[in-house]
1. Looking only at region 74-105, filter to residues that are under 25 Å from Met174 (Cβ atoms) and open to solvent by 30 Å² or more (accessible area, probe 1.4 Å); which one of those is farthest from the chain's Cα centre (by Cα)?
2. Could you please let me know if Gly30 is closer than 25 Å to Gln194 by Cβ and either open to solvent by less than 10 Å² (accessible area, probe 1.4 Å) or at pLDDT 85 or above (or both)?
3. Hey, can you tell me all the residues within region 59-73 that are assigned to a loop (DSSP other than H, G, I, E, B) and open to solvent by less than 10 Å² (accessible area, probe 1.4 Å)?
4. Quick one: Leu121 ticks every box in (1) modelled with pLDDT of 90 or more; (2) within 29 Å of Phe136 (Cα to Cα); (3) open to solvent by less than 30 Å² (accessible area, probe 1.4 Å) except a single one, so which number is it?
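The values are calculated or read from the model by the stated rules, or taken from the named source; none is laboratory data. Every value quoted in this text rests on a predicted model; they were computed, and no experiment measured them. So basically every Cβ, Gly included, is an ideal-geometry build from the backbone, and we count neighbours across all protein chains shown. We work out accessible area using only protein heavy atoms, side chains counted, and drop any ligands, DNA or RNA first. Shrake-Rupley method; radii C 1.70, N 1.55, O 1.52, S 1.80 Å.
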Amino acid sequence: MSMLKQVVEGLHGAQIEGLGKTFTRLGRIGFWLQVVLGSVPLVVMLYVFVFSGSVSGPRSGLPIVGLLSLANMLVLLFTIVWFYRYAGLGKRIADPQSRPTESAVLATVWTGLVASSLGILFSMVVMLLEVGQLLFYFLSAPQAGIATIQTVAGVSSSWVSAVDLVSLLALVQMLAAEVIALVLGLWLMFRTTQVAGEFPKAV
């Protein structure tokens with residue numbers, strides 16, 4: 001019986017160590033993927049904001065788009081830091097002396113999932129608003145071609161430029177980074193629930 005108990009304990013220990021390695025590996029993968037995908041949109045939006053004073057470029061955009069874009073960037077920065085934290089959490093899980101409780105691990109993963117979901121929501125809303133406004137500009141242009149400069153209601157002038165397309169590309173990249181974060185977070189949640197019984201009980 002003692003040998004069987006040792007075998008069972010060894011299997012349980014291997015499962016929890018495997019979970020720790022999963023957290024460390026996916027934490028690093030998610031961190032670097034988000035850094036790569038998120039750095040380009042941040043640089044592009046910073047460039048556009050510095051030279052035009054707005055994240056929507058020379059085209060006059062809705063004020064809410066700028067606020068949502070800023071909130072989206074902040075959420076992306078948060079998820080990048082959170083995935084860096086996942087890597088450290090994986091080392092703690094693998095170490096029996098510093099192993100956190102199941103509720104602490106699940107709370108950490110849930111926080112990352114909520115942040116990723118918020119980022120996806122912000123990206124989708126901004127993309128819908130931006131594409132809808134661009135569609136309005138193109139539909140109001142002469143059908144024989146696209147005017148470079150348009151006068152809206154004879155008062156203000158606005159134009160569609162390459163910056164608008166670059167901004168949309170930046171939003172797509174941010175959305176891709178947030179979707180990757182959500183998928184990896186869901187996998188970490190699934191792996192955590194598989195070995196939930198091996199965590200130390202909360203005191």
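1. First pass over region 74-105, keeping only residues under 25 Å from Met174 (Cβ atoms): 74-89.
Imposing the further condition that a residue be open to solvent by 30 Å² or more (accessible area, probe 1.4 Å) reduces the set to 74, 77-78, 81-82, 84-85, 88.
On the way: Leu74: 10, Leu77: 8, Phe78: 8, Val81: 11, Trp82: 10, Tyr84: 13, Arg85: 15, Gly88: 19 Å.
Ranking the candidates gives Gly88 first.
2. Taking the combined requirement at face value, the residue satisfies it.
3. Arg59 - this is the single residue of region 59-73 that is assigned to a loop (DSSP other than H, G, I, E, B) and open to solvent by less than 10 Å² (accessible area, probe 1.4 Å).
4. (3)
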